[in-house]
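Asks: Quick one: the structure is below, questions incoming.
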Amino acid sequence: MTLIKGGGKVNNINIEKQSNKGSKKIGYYILEIFLIIWAVIQLYPLFWLFLFSVKDNNEIFGGNIIGFPHIWRWSNYAVAFSSGNVGKYFLNSVIVTGLTIAISSILIAASAYAIVRMKWKYSKLVLTIFLMGLMVPIHATLLPLFMILQRLGLLNSYAALIIPYVAFAIPMGIFILTGYLNTIPIELEESAFLDGCSIYKSFYYIIIPLIMPALATIAIFTYLSAWNELMFANTFVNDDAIKTLTVGIMSLAGEYQTDWGPIGAGLVIATVPTVIIYIIFSEQVQKSLVVGAVKG
Amino acid sequence: MEKILRDKKAIFLFVFPAFFVFVVIVLLPIVVSIYYSLLDWDGISKGIFIGLKNYKDLFIRNTDGFILAVRNSFILALLSVFIQLPISLFLALVLSREVKGEKFYRTVYFIPVILSTVVIGQLWMKIYNPDYGLLNFLLTKIGLQSLTNQWLGNPKTALMAVFVPIVWQYIGYHMLLMYTSAKSIPTDIYEAAKIDGATESQIAFKITIPLMKPMLKVCVTFAVIGSFKTFDLIYVLTNGGPLHASEVPSTLMYNMIFFRYRYGYGSAMAVFIVAEALIGTLIIQKLFANDDAN
């Protein structure tokens, strides 16, 4: 009885499928067109940015707002680099972001290792305290940090950005890495200890290589937040020699308010490293931002 | 081996540096902010303890537009939940069902997420430029010249004009979260549903979306909390202007502290943002939990 019923069902579907095929195909094309339009919406502003970065004002104000430039003015990039200081801002961003990633990786790796592997009374409590940091909005720390940095005479230095960036990278990093460490079997370390290996050596030679994938995820996450950060960078640094790209671009835009080309060039320069990283590691970048979200 | 893993000195060396930096830079300032919020203080002279007066000024007979700023951030939260998230969900559902070019679309939709908000802000400033901007240009081209506008300069349109890029930028982020969640559903459930004659939309509403609920909770939380905390794009585009039309709590807080030197009052706003974010998270958790119980 049931068998017959089931068989009937299957037949019905087959018939339905055939009659639906035409409309289904049309639906599929509509969907595909929608996906393409949406891709254009996401990409076109960036393409437009690139176009106006190689035009001069005469051309833009003369009516060629969206078209290809008549003359490709790569010199806008030279202007942004030389008189717009973009080269210096870029270097500052590289220094700040690079040091932030390096320092935070070491701190995160060491503390996550001790929390997961080593045996001490307060490991759970310390982990909980670290994870509380995931909830803290930077707004609430802005003024107290400003006062601390001022008192230490650290305003307008790389440290004024690196220290907060490192601190705010720690909770997410520890969250990701403790999860990862728990999946690594302990046998390798055990046999190393039996062979007389010290805890420091085991950490350096065994653990670090094993956790590299997780550290890469964390590094991408840290890169994006440090490279793009605005509130701290805008508050703790106003010396042109230390400014990072985000803030530098803002002052560039203020300076060249009416000169679109160099601003556009500055924006493109600020974006290129991120886009390159994204093109090379797109899966990894997407993964690191998803991992960050699934915190419980 | 036990001895090695209980080595107190090693534990201290491993944990202390991170813990110290974290506590001093992330946790302690919260406490300090709460303390500041109880002071009448300009940052130069000594602060005077005034209890909860700053908080009273925020909510009772408020004159500096704080209530309006909070209202604006709520509007953004609503837009995020009811416009941004549905678009993300639709894209995620479509992409998770093996469309041609799935990976390409996913990669492209995600691009705005990774860009600096300053870049996005400056770019949209140019899009909104009244004389040579993309938006007015396109409106003129399609014969809707009457709709052209000083988008960011007009108090009537400024708020929506700053919200559009905020919503636009993170559609890809939520899409990716939802996509990941939809992809983790075993495909044999879909196959079974298909054999039973379910249509794609039935599958989406009856199977995929209910199973995605934990991730949808994360997305709603992020969208709402993100809206409460929003700062960067508004700061770049309008800095809360014109005439406070696009003000949100964080821009008001920033200006209060760093331009009007009302440190205590500004800190009360900062504490409010933190409290609002925490309460918002709890309420959303509760709403989703109730829903589960039914």
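Asks: Taking A:SER83 and the conditions (1) over 19 Å from A:ALA226 (Cβ atoms); (2) of a type in the set (Gly, Ala, Ser); (3) surrounded by 14 or more Cβ atoms within 10 Å (Cβ to Cβ), which numbered condition does it fall short on, given that it satisfies the others?
Replies: Only one criterion is unmet by A:SER83, namely (3).
Asks: Just name the residue that is nearest to A:LEU210 (Cα to Cα) out of those in segment A:117-144 that are facing chain B (nearest Cβ under 7 Å) and among the small types (Gly, Ala, Ser).
Replies: Result: A:GLY133.
Asks: Restricting to segment B:1-25, name every residue that is more than 7 Å from chain A (Cβ to nearest Cβ) and touching a Phe, Trp or Tyr at 6+ places or on another chain (Cβ under 9 Å).
Replies: Correct list: B:LYS8, B:LEU13.
Asks: Using the structure shown, decide if A:LEU107 is more than 9 Å from every other protein chain (Cβ to nearest Cβ) and either on the phi > 0 side of the Ramachandran plot or assigned to a helix (DSSP H, G or I) (or both).
Replies: no
Asks: Yes or no: segment A:25-36 includes at least one residue that is within 26 Å of the chain's Cα centre (by Cα) and either under 20 Å from A:VAL268 (Cα atoms) or of a type in the set (A, V, I, L, M) (or both).
Replies: Among the residues of segment A:25-36, at least one is within 26 Å of the chain's Cα centre (by Cα) and either under 20 Å from A:VAL268 (Cα atoms) or of a type in the set (A, V, I, L, M) (or both), which makes the answer yes.
Asks: Right, here's the next one. Just to check your reading of the model, which residue among A:ILE184, A:ILE176, A:ILE170 is more than 10 Å from every other protein chain (Cβ to nearest Cβ), in contact (Cβ under 8 Å) with a residue 12 or more places away in the chain, part of a helix (DSSP H, G or I) and not aromatic (Phe, Trp, Tyr)?
Replies: None of the other options fit; the residue is A:ILE176.
Asks: Which one of these does A:MET172 not meet: (1) surrounded by 14 or more Cβ atoms within 10 Å (Cβ to Cβ); (2) farther than 19 Å from A:ALA110 by Cβ?
Replies: Every condition holds for A:MET172 apart from (2).
Asks: Need the failing condition index for A:LEU252 against (1) closer than 26 Å to A:ASN156 by Cα; (2) more than 11 Å from chain B (Cβ to nearest Cβ), just the number.
Replies: Every condition holds for A:LEU252 apart from (2).
Asks: Please go through segment B:59-109 and pick out each residue that is aliphatic (A, V, I, L, M) and surrounded by fewer than 21 Cβ atoms within 10 Å (Cβ to Cβ).
Replies: Of everything in segment B:59-109, those that are aliphatic (A, V, I, L, M) and surrounded by fewer than 21 Cβ atoms within 10 Å (Cβ to Cβ) turn out to be B:ILE60, B:ILE67, B:LEU68, B:ILE75, B:ALA77, B:LEU78, B:LEU79, B:VAL81, B:ILE83, B:ILE87, B:VAL99, B:VAL108.
Asks: Do the conditions hold for B:SER146, that is, is it surrounded by fewer than 21 Cβ atoms within 10 Å (Cβ to Cβ) and farther than 27 Å from A:THR244 by Cβ?
Replies: yes
Asks: Further question on the same structure: For B:TYR173, indicate whether it is touching a residue at least 60 places away in the same chain (Cβ under 8 Å), within 11 Å of chain A (Cβ to nearest Cβ) and over 30 Å from B:GLY153 (Cβ atoms).
Replies: No; evaluated as a whole, the condition is false for this residue.
Asks: Scan segment A:257-296 for residues that are of a type in the set (Phe, Trp, Tyr) and more than 10 Å from chain B (Cβ to nearest Cβ) and jot them down.
Replies: A:PHE281
Asks: Checking the structure you have, find out if any residue of segment A:225-242 is hydroxyl-bearing (Ser, Thr, Tyr), within 12 Å of another protein chain (Cβ to nearest Cβ) and not in a helix (DSSP H, G or I).
Replies: no
Asks: If you go through segment A:33-83 one residue at a time, how many are in contact with an Asp or Glu (Cβ under 7 Å, 6 or more places away or on another chain) and more than 11 Å from chain B (Cβ to nearest Cβ)?
Replies: Number satisfying all stated conditions: 3.
Asks: Kindly state which helices (runs of 4 or more DSSP H) lie completely within segment B:52-108 and contain at least 3 residues that are within 12 Å of chain A (Cβ to nearest Cβ) and on the phi < 0 side of the Ramachandran plot.
Replies: Once the helices (runs of 4 or more DSSP H) in segment B:52-108 are filtered for at least 3 residues that are within 12 Å of chain A (Cβ to nearest Cβ) and on the phi < 0 side of the Ramachandran plot, what remains is B:85-96.
Asks: May I pose another question? Can you list the helices (runs of 4 or more DSSP H) lying wholly within segment B:182-257 that have 1 or more residues being among the acidic types (Asp, Glu)?
Replies: Fully inside segment B:182-257 and qualifying: B:187-195, B:232-237.
Where a number appears in this text, it was derived from the coordinates with a stated rule and is not lab data. For clarity, every value in this text was computed on a predicted model and none was experimentally measured. For neighbour counting, all protein chains shown are included, and Cβ atoms are generated from backbone atoms with ideal geometry for every residue, glycine included.
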